[in-house]
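See structure below.
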Amino acid sequence: MRILIIEDEPGIANFVKQGLEEEAFAVDVAYDGASGLDMALSGDYDLLLLDWMIPGKSGIEVCREFRKHDRATPIIFLTAKDTVQDTIFGLQAGANDYIKKPFAFEELLERIRVQLRPKSGEHEKFTLGDIVLDTQTHQVFKGEEEIFLTQKEFALLEFLLRNKGKVCRRTQIIESVWDIHFEYNTGVIDVYINALRKKLQLEEPGPHIKTVRGVGYIAKEA
């Protein structure tokens, strides 16, 4: 999953980015409101973390303009503004949640998970044959056996299963899983695909990850 941080304090932005990447998120950072809004509107993000007091356009302006484009992507404000009136103002501008600085990363992470949780409140699970990936518990099972994956292997498998039956282009994968925005060293994908195939025993004619030559990969049932 991809998250955009719009925050002008590099220390905070880098701290949050590193923590989220360790949790298998792909993370981009913008340091001002104008470029942040452009990235939010042009990118395929699952959630925005938005500071209120940023140069150019304020966080409130970014939030309002983003919502004018009928974007339902969750927005969480990260701000030093801490009055009840500020909180209400931020929520009325279109934010889904509001967390005051300084904050504990664990609290931020849980608030992000709440916003990304399926509306039913149930764990979001994806399957491929007898393989089950649970995004809430961050576990993968093949039948009754738990398969232990690295953070990147898990993120790659999640991306493929979210798009099961669709061809995932190499550029899409590298942007969503590795957070690289140009064709650079996409050969790393092949290494991880081979690792997933081996660990999960994904071979034809059973459930498998098929190579679409010159394009990318597709997760397919038997």
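Quick look at the values:
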{"quantity": "Evaluation of Val29 against (1) surrounded by 15 or more Cβ atoms within 10 Å (Cβ to Cβ); (2) over 16 Å from Ala13 (Cα atoms) (one fails), failing number", "calculated": "(2)"}
{"quantity": "Yes/no for Leu133 being under 25 Å from Glu22 (Cβ atoms), surrounded by 14 or more Cβ atoms within 10 Å (Cβ to Cβ), in contact with an Asp or Glu (Cβ under 8 Å, 6 or more places away or on another chain) and assigned by TED's automatic domain parsing to the domain that holds Gly165", "calculated": "yes"}
{"quantity": "Counted residues, region 20-50 - those being in a helix (DSSP H, G or I) and touching a residue at least 12 places away in the same chain (Cβ under 8 Å)", "calculated": "11"}
{"quantity": "Residue in region 107-123 that is assigned to a loop (DSSP other than H, G, I, E, B) and touching a residue at least 24 places away in the same chain (Cβ under 8 Å) present", "calculated": "no"}
{"quantity": "Residues located in region 19-39, provided they are over 25 Å from Asp82 (Cα atoms) and not acidic (Asp, Glu)", "calculated": "Ala24, Phe25, Ala26, Val27, Ser35, Met39"}
{"quantity": "Lone qualifier among Ala195, Ala155 - being in contact (Cβ under 8 Å) with a residue 24 or more places away in the chain, outside the structural domain of Glu21 (by TED's automatic domain parsing) and under 22 Å from Leu20 (Cβ atoms)", "calculated": "Ala155"}
{"quantity": "Any hit, region 38-49, residues being closer than 27 Å to Trp178 by Cβ, among the small types (Gly, Ala, Ser), modelled with pLDDT of 90 or more and touching a Gly at 6+ places or on another chain (Cβ under 6 Å)", "calculated": "no"}
{"quantity": "Condition check for Lys17: closer than 19 Å to Glu107 by Cβ and part of a helix (DSSP H, G or I)", "calculated": "yes"}
{"quantity": "Flag if Ala104 is aliphatic (A, V, I, L, M) and either touching a residue at least 24 places away in the same chain (Cβ under 8 Å) or outside the structural domain of Glu21 (by TED's automatic domain parsing) (or both)", "calculated": "no"}
{"quantity": "Residue selected from region 51-90 under the condition among the aliphatic types (A, V, I, L, M), at pLDDT 85 or above and assigned to a helix (DSSP H, G or I), by the criterion surrounded by the most Cβ atoms within 10 Å (Cβ to Cβ)", "calculated": "Val62"}
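The values are calculated or read from the model by the stated rules, or taken from the named source; none is laboratory data. Here the structure is a predicted model, which means the values were calculated and not measured. When we count neighbours, we look across all protein chains shown, and the Cβ atoms used for this are built from the backbone with ideal geometry, even at glycine.
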